[in-house]
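Chemist: I'd like to ask some things about the structure below.
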Amino acid sequence: MTQQNNVRAGIGLMIAATIVFALQDGISRHLAGTYNTYMVVMIRYWFFAAFVITLAARAPGGLRAATRTSQPGLQVFRGVLLAAEICVAVFAFTVLGLIDTMAVFICYPLLVAALSGPVLGEQVGWRRWAAIGVGCVGVLIILQPGAGVFNPWAIIPLISALMFALYGLLTRYAARKDSAATSFFWTGVAGAVAMTLVGMWYWEPMAPADWGWMALLSVSGVLGHWLLIKCYEMAEASAVQPFAYFHLVWSAILGISIFGESLRPAVIVGAALVVAAGLFTLWRERRQG
């Protein structure tokens, strides 16, 4: 397969992954609106941990190779941080809805760019700082802090984006010594252990129909990660990452058609600024790379 075909296949896989993740968000909103968020995320992580353990067992070197790391503290912290971020994001879905949550959350690439200097020691030029500033303006337009009474819940997806950006930076830092397979294994296992220690105290009976949704949520989580793995095997991240913004489109469609949410003009304008700034940042990184 030629490089051009690889990129096309990678783009297709990325778009498919965004569809799966949007469906996952919608199911998460439904379940977390009825049951405790910690329990929902805990069960989801059980399936995720089973997936990464199965992958590791089938890979060369088996589980011993996957668990081998010289930075176990960092790997455990990454896994716990991602689990906590998912809890925050799912809670945001229940109080703000899919559209407003995702419109703010998509600023995380800009936060990655802003934090790459102090965390990784990378150089951030004035052009990227300008793009980050534009993205911040977009977020402020979405949150509308000066319009009447500010909704304090609106800060939650921003916290989620900050946590996810930090997780991404720590993943890049861990990659200096550990393989992607090792980081992936620790992400699933550490997150599952952490969520079990928290979620078991919030267990509550689930209706038989909702167990079906829970199973679909768990499968979608595994499928989404598998699609991303295959996507990055086919093409470079810089070529496919811009298409990750389709996640917002699918979330908006679900929010409007299933949950009766509305698409505010401020969200459209703010999200457009955030996406434009994010795409410019990715373009600059690709040129410098």
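Chemist: Please enumerate the residues belonging to region 186-229 that are touching a Phe, Trp or Tyr at 6+ places or on another chain (Cβ under 7 Å) and among the small types (G, A, S).
Modeler: Hits for region 186-229 are G188, G191, A192, G199, S218, G221, G224.
Chemist: Follow-up question, since we're still on this one. Could you list all residues from region 211-244 that are farther than 22 Å from F185 by Cα, modelled with pLDDT of 85 or more and open to solvent by less than 40 Å² (accessible area, probe 1.4 Å)?
Modeler: Of everything in region 211-244, just one residue is farther than 22 Å from F185 by Cα, modelled with pLDDT of 85 or more and open to solvent by less than 40 Å² (accessible area, probe 1.4 Å), namely M214.
Chemist: So which of S183, S262 ends up being touching a helix residue (DSSP H, G or I) at 6+ places or on another chain (Cβ under 8 Å), open to solvent by 60 Å² or more (accessible area, probe 1.4 Å), of a type outside the set (K, R) and at pLDDT below 90?
Modeler: From the options S183, S262, the qualifying one is S262.
Chemist: Which of the numbered conditions does G79 fail, given that it passes all the others? Conditions: (1) open to solvent by less than 50 Å² (accessible area, probe 1.4 Å); (2) not in a helix (DSSP H, G or I); (3) not β-branched (V, I, T).
Modeler: The one condition G79 does not meet is (2).
Chemist: While we're looking at this one, here's another question. Is at least one residue of region 202-210 among the charged types (D, E, K, R), modelled with pLDDT of 90 or more and not in a helix (DSSP H, G or I)?
Modeler: yes
Chemist: So, A9, is that one over 20 Å from the mean Cα position of the chain (by Cα), crowded, with 19+ Cβ neighbours inside 10 Å and part of a helix (DSSP H, G or I) or not?
Modeler: Criteria not met by A9.
Chemist: Considering each residue of region 28-65, count those that are in a helix (DSSP H, G or I), β-branched (V, I, T), over 14 Å from G224 (Cα atoms) and touching a residue at least 40 places away in the same chain (Cβ under 8 Å), and give that number.
Modeler: The number of residues fulfilling the criteria is 5.
The values are calculated or read from the model by the stated rules, or taken from the named source; none is laboratory data. Predicted, not measured: the structure shown is a model, and the values here were computed from it. Counting neighbours? That spans all protein chains shown, and the Cβs are built from the backbone with ideal geometry, glycine included. Just so you know, the surface numbers come from the protein's heavy atoms only, side chains and all, with ligands and any DNA or RNA stripped out. Shrake-Rupley method; radii C 1.70, N 1.55, O 1.52, S 1.80 Å.
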